[in-house]
1. Determine, yes or no, whether A:Leu149 is closer than 21 Å to A:Phe23 by Cα, in a helix (DSSP H, G or I) and among the aliphatic types (A, V, I, L, M).
2. Considering (1) farther than 29 Å from B:Tyr35 by Cβ; (2) more than 16 Å from DNA strand C (Cβ to nearest atom); (3) part of a helix (DSSP H, G or I), say which one A:Arg162 fails and leave the rest.
3. State all residues of region A:126-138 that are closer than 30 Å to B:Glu31 by Cα and either over 15 Å from the mean Cα position of the chain (by Cα) or within 9 Å of another protein chain (Cβ to nearest Cβ) (or both); if no residue qualifies, say none.
4. Among the residues of region A:117-124, is any within 14 Å of chain B (Cβ to nearest Cβ) and within 16 Å of DNA strand C (Cβ to nearest atom)?
5. Condition first: within 16 Å of DNA strand C (Cβ to nearest atom) and touching a Pro at 6+ places or on another chain (Cβ under 8 Å). Can you find one or more residues in region B:125-138 that meet it?
6. Looking at B:Ser65 and the list (1) under 30 Å from A:His6 (Cα atoms); (2) touching a Phe, Trp or Tyr at 6+ places or on another chain (Cβ under 8 Å); (3) surrounded by 18 or more Cβ atoms within 10 Å (Cβ to Cβ); (4) not hydrophobic (A, V, I, L, M, F, W, C), which single condition is not satisfied?
7. Is there a residue in region A:19-30 that is acidic (Asp, Glu) and at pLDDT 90 or above?
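The values are calculated or read from the model by the stated rules, or taken from the named source; none is laboratory data. Please read these numbers as outputs of a predicted model, since none were measured by experiment. In this analysis, Cβ positions are derived from the backbone assuming ideal geometry, glycine residues included, and neighbour counts consider all displayed protein chains.
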2 protein chains.
Amino acid sequence: MKFAAHGKICNEVGFILNGSFRFFFVKDGIEISNYFSFQNEFISSYRSFLKREPSLINIEAMEDSQIIYFSYTSLQELLKDERVVLKMERFGRMIAEYLICCYEERVVSFVTQTPEERYRLLLESGDDLLQRIPQYYLANYLGITPVSLSRIRKRIFAAMKRQKMAS
Amino acid sequence: MKFAAHGKICNEVGFILNGSFRFFFVKDGIEISNYFSFQNEFISSYRSFLKREPSLINIEAMEDSQIIYFSYTSLQELLKDERVVLKMERFGRMIAEYLICCYEERVVSFVTQTPEERYRLLLESGDDLLQRIPQYYLANYLGITPVSLSRIRKRIFAAMKRQKMAS
DNA sequence: CTACTTTATTATCTTTTGTTAACGATCGAA
DNA sequence: TTCGATCGTTAACAAAAGATAATAAAGTAG
């Protein structure tokens, strides 16, 4: 299922009940995965939703998934009722703040860490991501090619093996 | 002037009246600049401000600057008054949404573009950034070293010169 | 189980980046 | 003006990443 598409205005904000979604771009005809969301998370091409501009990104289900969502027009309808304005403002704020925290950490990692460091930290965190998405998606997520990630893995696991031998 | 410091909780959200601020990390004793803000922009280590957690980033004035700001405690005070809750919710939402748009574009550029492409696009955009910050800050911002940026500039300007000769 | 497709690894080669150090250029203070 | 510090460029080398192709491993459908 496609939730958002490049070049089209994103008219919904969704909440994943179960399943998983992938955020990606198409560059030179190749898909580059950028982010992954699982149950109990909000998804949206939020910039497009807010600014009413064509989306930069695509969002697509990776498996059979269930979501609930509200549309931009239904949000506008709701906001005609004074009594719900406050709650919707709060709701919008919470979604935005949730997304900010995701983005901030991600930008930090790109500026301060090498791809190898990013992958090491992900390994140490034991994040679900490692189990739930294929390695070539993960490579994109880290900002490198699948081939390069494979080499990084080789380096890391060789080093771990040496450590084990020494102990 | 220091607006936010690594390891300390950020208690303010500021708005720049004039001047400029630099966001940076310290890694292995070296400062890595990550973002820059100028007049009429909001600044905050917003994740720290929201979550009441130690800041990951530092924010510091690059020149004499004037800002107005509100503190977390004054925000809490304000929110005791029912009549301002709505406006503050909206205000918080607008700040969060503003920051999201900055971050989203930045993450996209890291995943889909090479450092050279990022610099080329910045050149083409004619962004003020190019005039207002030194090149070694810009290098950090692009995720590379100053030496590497210098090489990229050489490549680009050599290519431009060749194009000019041909025409 | 086999054949086919997809994903991961490995190899080779080229390009780019990081690191370190040297060299100019620029700017401000003495 | 001169000294010193800072910033940008360049050079040389090592390390890492991209591109491409071949191979191995894993997963799927028949």
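1. On the way: closer than 21 Å to A:Phe23 by Cα: yes; in a helix (DSSP H, G or I): yes; among the aliphatic types (A, V, I, L, M): yes.
Yes: the conditions hold for A:Leu149.
2. (2)
3. Residues of region A:126-138 closer than 30 Å to B:Glu31 by Cα: A:126-127, A:138.
A:Gly126 - this is the single residue of region A:126-138 that is closer than 30 Å to B:Glu31 by Cα and either over 15 Å from the mean Cα position of the chain (by Cα) or within 9 Å of another protein chain (Cβ to nearest Cβ) (or both).
4. Initially, region A:117-124 is screened for residues within 14 Å of chain B (Cβ to nearest Cβ), giving A:117-118, A:121.
Then drop every residue that is not within 16 Å of DNA strand C (Cβ to nearest atom), which leaves A:117-118.
Checked against the condition, which is being within 14 Å of chain B (Cβ to nearest Cβ) and within 16 Å of DNA strand C (Cβ to nearest atom), region A:117-124 yields at least one hit.
5. Within region B:125-138, one or more residues are within 16 Å of DNA strand C (Cβ to nearest atom) and touching a Pro at 6+ places or on another chain (Cβ under 8 Å).
6. (1)
7. Step one: list which residues in region A:19-30 are acidic (Asp, Glu), which gives A:28.
Remaining after also requiring at pLDDT 90 or above: none.
No: region A:19-30 contains no residue that is acidic (Asp, Glu) and at pLDDT 90 or above.
Yes/no per residue for (1) outside any helix (DSSP H, G or I); (2) facing another protein chain (nearest Cβ under 8 Å); (3) modelled with pLDDT of 95 or more; (4) out of contact with any Leu (no Cβ under 8 Å at 6 or more places or on another chain):
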{"residue": "B:Tyr69", "(1), (2), (3), (4)": "yes, no, no, yes"}
{"residue": "B:Glu77", "(1), (2), (3), (4)": "no, no, no, yes"}
{"residue": "B:Met88", "(1), (2), (3), (4)": "no, no, no, no"}
{"residue": "B:Cys102", "(1), (2), (3), (4)": "no, no, no, yes"}
{"residue": "B:Ile144", "(1), (2), (3), (4)": "yes, no, yes, yes"}
